[in-house]
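The structure appears below as structure tokens.
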Amino acid sequence: MEFDANDPARFWRDYEAQHGEKVLSHALGCYMSGWDEFTGPLWGLLIATDGGFRFHHFPHEGWIQLLSRMSGGGGSAPKERTIFISRSQIVSVELILEKSWIRKLLTASPPQLAIRFTRLDGTEGLLLAETDKTALPVVESLKALLIQGS
């Protein structure tokens, strides 16, 4: 399905229709670790839905990469990547903020979205994504799902 990035309302309607889930909140983030099939960093959307958590990376290829690939440099075009953790798999959700003012001053430490989840094999995983405070609604939406599921 092709999404219309120029019309945000239509984009989210199309996204909900494609996945069959209501989008509760979303933010921009950078996946760092925790999903075996992906290597970070990978920018994308952090999305809380009534079905769980989704990370959606929309590939972008700059003109230099495109020209290099098309002129015989090889390789394939970047591919869309998604992560889905169903609400029943989510154990806990937290937005980790650096509290030490000295560390904030000395090192860049963006907030991290931390989702503990149960993998299909029963082991526990920890997905980490760097984000900013605009991801707080995503955290709150996912926490509300946990409370509803209890």
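The values are calculated or read from the model by the stated rules, or taken from the named source; none is laboratory data. Please read these numbers as outputs of a predicted model, since none were measured by experiment. Cβ: placed from backbone, ideal geometry, glycine included. Neighbour counts: every protein chain shown. We work out accessible area using only protein heavy atoms, side chains counted, and drop any ligands, DNA or RNA first. Shrake-Rupley method; radii C 1.70, N 1.55, O 1.52, S 1.80 Å.
Starting with the highest mean, order 124-133, 9-18 by the number of other Cβ atoms within 10 Å, averaged over the residues of each peptide.
124-133, 9-18
Pop the C-beta distance of Q148 and T39 into the FRET formula with R0 = 25 Å and round what comes out to the nearest 0.05.
Plugging the Cβ-Cβ distance into 1/(1 + (r/R0)^6) gives 0.15.
Place the peptides 36-43, 52-59 in order of packing, highest mean first, counting for every residue the other Cβ atoms within 10 Å and averaging per peptide.
52-59, 36-43
For the pair E80/E140, report the inter-label distance in nm, with labels modelled 7 Å from Cα in the Cβ direction.
Result: 3.0 nm between the two label points.
What distance in nm lies between label points placed 7 Å from Cα along the C-beta direction at K99 and K133?
1.7
Going from most exposed to least, what order do L120, L97, L46 have by accessible area with a 1.4 Å probe?
Per-residue accessible area, sorted high to low, gives L120, L97, L46.
Along Cα→Cβ, 7 Å out, is where each label goes; now give me the distance between the ones at R119 and Q18 in nm to one decimal.
2.7
Taking only protein heavy atoms and a 1.4 Å probe, what accessible area per residue, in Å², does the range 106-150 have with all protein chains in place?
58
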